[in-house]
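Taking it in order: structure first as structure tokens, then the write-up.
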Amino acid sequence: MTIAMIDDHGLVVAGERIDGPVGCGRGVRDGSPSGRGRGRPGAGAGRAGGRARPRRVTPSPVGLPGLSAPLSPAVRDLLADAGRGLGSAVRATDVADRYAAAHLSALRAAAALIAARARPTRGRRGSVWQLLPAVAPEFGEWAAYFAAGSAKRQAAQAGISRLITPREADDIVRQAAAFLDLVETTLVQDAEGLDAG
């Protein structure tokens, strides 16, 4: 889970990452929505005897002053918006609001990754979920997962909550949290790779 401080301009200025299952699942590093990606949910940080194991705390990569290759302001803004949206989803009590806020959080995280990786080309159009696999193939399964939920998000935003169960809302909050965590990690690795190369 990333605990961050946001400055007056909406930029992440400091934070800590807590690895392992915590809160709404931000620390779960499954690498894909199905858990079949890089590692599996909770690998190495599960429950032992019904109690949570201690978690390792490391610096959060997003927006820390120590990051050698800084992310662009647009990418930082999108990540900050995604983090705030995820916070709204966690706090929301209405099922439709939880679902919509979590899905929009994931959408902004995907947009941040596209903004960081994509090279401008003429004619490149499509939804974020269509563009994401082209720019970041390792996120193809995530794109398919969130694309499948777009219609429900639109229904939720229109006030039609009967299409969304509480479990679906909880699931998408957890998946959006894991997705945001993975996007943040990927962007930092990309930035550090560019700086080293």
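Observations, loosely collected:
- Residue-level check: of (1) under 21 Å from VAL188 (Cα atoms); (2) surrounded by 17 or more Cβ atoms within 10 Å (Cβ to Cβ), ARG174 misses just (1).
- Filter result (of a type in the set (S, T, N, Q) and at pLDDT 95 or above) within the stretch 51-92: SER88
- For the stretch 100-112, the criterion of being on the phi < 0 side of the Ramachandran plot and exposed (fewer than 13 other Cβ atoms within 10 Å of the Cβ) is met by none of the residues.
- Test for SER127: is it modelled with pLDDT under 95, in contact with a Ser or Thr (Cβ under 9 Å, 6 or more places away or on another chain) and not charged (D, E, K, R): yes
- Considering ALA156, ALA111, ALA151, the condition of being in a helix (DSSP H, G or I), of a type in the set (A, V, I, L, M, F, W, C) and closer than 16 Å to PHE179 by Cα is satisfied by ALA111 alone.
Residue-wise test of (1) basic (Lys, Arg); (2) more than 23 Å from ALA155 (Cα to Cα).
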residue	(1), (2)
PRO70	no, yes
PRO73	no, yes
ASP81	no, no
ARG84	yes, no
ASP97	no, no
LEU113	no, yes
ARG117	yes, yes
ALA134	no, yes
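- Set side by side, the residues LEU132, LEU163, LEU180 differ, and just one is in contact (Cβ under 8 Å) with a residue 40 or more places away in the chain and either buried (at least 19 other Cβ atoms within 10 Å of the Cβ) or over 19 Å from the mean Cα position of the chain (by Cα) (or both), which is LEU180.
- Each residue in the stretch 66-119 was checked for being more than 28 Å from ILE164 (Cβ to Cβ) and in contact with a Ser or Thr (Cβ under 6 Å, 6 or more places away or on another chain), and 0 of them qualify.
The values are calculated or read from the model by the stated rules, or taken from the named source; none is laboratory data. Everything quoted here is computed from the prediction, not taken from an experiment. Here Cβ is always computed from backbone atoms with ideal geometry, including for glycine, and neighbour counts include all displayed protein chains.
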